[in-house]
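The values are calculated or read from the model by the stated rules, or taken from the named source; none is laboratory data. Bear in mind that the values here come from a model prediction, so they are computed numbers and not experimental data. Glycine gets a Cβ as well: all are built from the backbone with ideal geometry, and neighbour counts include every protein chain shown.
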Amino acid sequence: MTLLLLSALIMGGLGSLHCIGMCGPIALALPVVTDTAAGKFLYSLLYNSGRVVTYIVIGSIAGLLGSGFALAGLQQWLSVLLGVFIISYLLWPKQAGWLQANNTIQGVFKIVRNRLSYLFHQKNYRSVFFIGILNGLLPCGLVYMALAAAIATGSVWQSGLFMAFFGLGTLPLMWSLAFFGNFITVKSRIYIRKAYPYMMFATACLLIVRGMGLGIPYLSPIVDMEHSAKSAIECHIVER
């Protein structure tokens, strides 16, 4: 479990470079509640805390799917499937466009954006926190990639914890951006965006190798499916 959380932190830390390029404008445009150093520290912390809260919630919800696969003894197949899906998305992004064009999904994103617009005009700490929460709901390939890895844990609480550590990994750079301002040049953002697909590909390969159960310690251990399913059932009984 320690290795899993460490990988989540690293993914969040490296991925925060992508966050600066994609979500940086939101962090830079946060409503200024106060110009004092303590005030800036607080509202930047609240904004990023809101993002982490959202990641934990959606990670726990996604973990329900993973736990269902674990109960059915299909956790390894799920890991491989998620890896293949990420690679397919990278190779054929236009074929995945139907998801973004879906009217229902677009309607939800429109509501989120409208609410964000309203909150940006409210100069108080509460609005900054909720801006962070809603920002975590906006479409982001990096978050989807982290969710794919979280679902593969096959557990609700482990999935939520994975996303929590992923969010914590993004904090240093994202907090620095909101606190100190735009310290990443446009040219650097372009390089970051170009490197992003390679990071997604590496994650996809790790998911596939992990699901294959090759007997490689920590990286691709052999999973006793009968024991795993039994543990998942016992966990559900205890939770009830």
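Return yes or no: is Ile61 without any contact (Cβ under 8 Å) to a residue 12 or more places away in the chain and among the hydrophobic types (A, V, I, L, M, F, W, C)? Full working, then the answer.
Values: without any contact (Cβ under 8 Å) to a residue 12 or more places away in the chain: yes; among the hydrophobic types (A, V, I, L, M, F, W, C): yes.
When the stated conditions are applied, Ile61 passes them.
Which one is surrounded by the fewest Cβ atoms within 10 Å (Cβ to Cβ), of the residues in the range 134-160 that are over 13 Å from the mean Cα position of the chain (by Cα) and part of a helix (DSSP H, G or I)?
The selected residue is Trp157.
Okay, residues lined up against (1) modelled with pLDDT under 90; (2) not aliphatic (A, V, I, L, M):
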residue	(1), (2)
Leu134	no, no
Ala149	yes, no
Thr153	yes, yes
Gln158	yes, yes
Phe165	no, yes
Pro172	yes, yes
Ala178	yes, no
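Need the failing condition index for Gly97 against (1) farther than 30 Å from Thr34 by Cα; (2) modelled with pLDDT of 80 or more, just the number.
Evaluating Gly97 over (1) farther than 30 Å from Thr34 by Cα; (2) modelled with pLDDT of 80 or more leaves (2) as the failure.
Can you confirm whether the range 228-240 contains a residue that is modelled with pLDDT of 60 or more, more than 30 Å from Tyr125 (Cα to Cα) and surrounded by fewer than 13 Cβ atoms within 10 Å (Cβ to Cβ)?
Within the range 228-240, not a single residue is modelled with pLDDT of 60 or more, more than 30 Å from Tyr125 (Cα to Cα) and surrounded by fewer than 13 Cβ atoms within 10 Å (Cβ to Cβ).
Restricting the search to the range 211-221, which residues are surrounded by 12 or more Cβ atoms within 10 Å (Cβ to Cβ) and modelled with pLDDT under 75?
Of the range 211-221, the ones surrounded by 12 or more Cβ atoms within 10 Å (Cβ to Cβ) are 211-213, 216, 220-221.
Passing the criteria: Gly211, Gly213, Ile216, Ser220, Pro221.
May I ask you to list the residues in the range 111-132 that are surrounded by fewer than 23 Cβ atoms within 10 Å (Cβ to Cβ), part of a helix (DSSP H, G or I) and of a type outside the set (Phe, Trp, Tyr)?
Step one: list which residues in the range 111-132 are surrounded by fewer than 23 Cβ atoms within 10 Å (Cβ to Cβ), which gives 111-127, 129-130.
This time we only want the ones that are part of a helix (DSSP H, G or I), so: 111-119, 125-127, 129-130.
The answer is Ile111, Val112, Arg113, Asn114, Arg115, Leu116, Ser117, Leu119, Arg126, Ser127.
Does the range 181-203 contain any residue that is touching a helix residue (DSSP H, G or I) at 6+ places or on another chain (Cβ under 8 Å), over 17 Å from Val57 (Cβ atoms) and modelled with pLDDT of 80 or more?
Yes: one or more hits.
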